[in-house]
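Following: one structure in structure tokens, then a few remarks.
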Amino acid sequence: SSWCIVRCFEKQPDGRFRFAHTAPSHFEIDGPVRPKAREVNYFIARMEQEIARNRGVLSAEELGEYEQALAIYKKLEAR
């Protein structure tokens, strides 16, 4: 159903950073994973921003990918 990783950062006394990143852990959840309303609303807003920002820059086909994603998120919002 999903995967998870862990990242950590540590600032060193000399101002440099130490960084670690795990490999993904995959797990299954019984039933569908349902996003929270705030998460769906965030992606709706982001897709609308990207469509507005890229209109006149991207081709109709490329802009269509954002519009397709927006339609998917709006269906999730209706649930």
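The values are calculated or read from the model by the stated rules, or taken from the named source; none is laboratory data. This one's a predicted model, so the numbers in the text were calculated from it and none came from an experiment. Because the Cβ atoms are built from the backbone with ideal geometry, glycine has one as well, and the counts that use them run over all protein chains shown. To get the accessible areas, we keep the full protein, side chains included, count just its heavy atoms, and leave off ligands, DNA and RNA. Shrake-Rupley method; radii C 1.70, N 1.55, O 1.52, S 1.80 Å.
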Restricting to segment 21-69, give me the number of residues that are in contact with a Phe, Trp or Tyr (Cβ under 6 Å, 6 or more places away or on another chain), aliphatic (A, V, I, L, M) and within 29 Å of Arg7 (Cβ to Cβ).
3
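Here's the yes/no breakdown for (1) without any contact (Cβ under 8 Å) to a residue 60 or more places away in the chain; (2) in contact with a Leu (Cβ under 9 Å, 6 or more places away or on another chain); (3) assigned to a helix (DSSP H, G or I):
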| site | (1), (2), (3) |
| --- | --- |
| Phe19 | yes, no, no |
| His26 | yes, no, no |
| Ile29 | yes, no, no |
| Ile44 | yes, yes, yes |
| Glu48 | yes, yes, yes |
| Glu61 | yes, no, yes |
| Ala69 | yes, no, yes |
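Run down Gln49, Gln12 and say which single residue is open to solvent by 70 Å² or more (accessible area, probe 1.4 Å), on the phi < 0 side of the Ramachandran plot and among the polar types (S, T, N, Q).
Working: Gln12 fails: open to solvent by 70 Å² or more (accessible area, probe 1.4 Å).
Checking each option against the conditions leaves just Gln49.
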So, first residue farther than 30 Å from Ile29 by Cα and free of Cβ contacts under 8 Å to residues at least 12 places away in the same chain in segment 3-16, second residue not small (Gly, Ala, Ser) and not in a loop (DSSP other than H, G, I, E, B), Cβ within less than 9 Å, six or more apart or across chains; the pairs are Glu10/Phe17; Glu10/Arg18; Glu10/Phe19; Lys11/Phe17; Lys11/Arg18; Gln12/Arg18
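Can you confirm whether Ile72 is among the β-branched types (Val, Ile, Thr), over 24 Å from Ile5 (Cβ atoms) and open to solvent by 60 Å² or more (accessible area, probe 1.4 Å)?
Values: among the β-branched types (Val, Ile, Thr): yes; over 24 Å from Ile5 (Cβ atoms): yes; open to solvent by 60 Å² or more (accessible area, probe 1.4 Å): yes.
Yes; evaluated as a whole, the condition is true for this residue.
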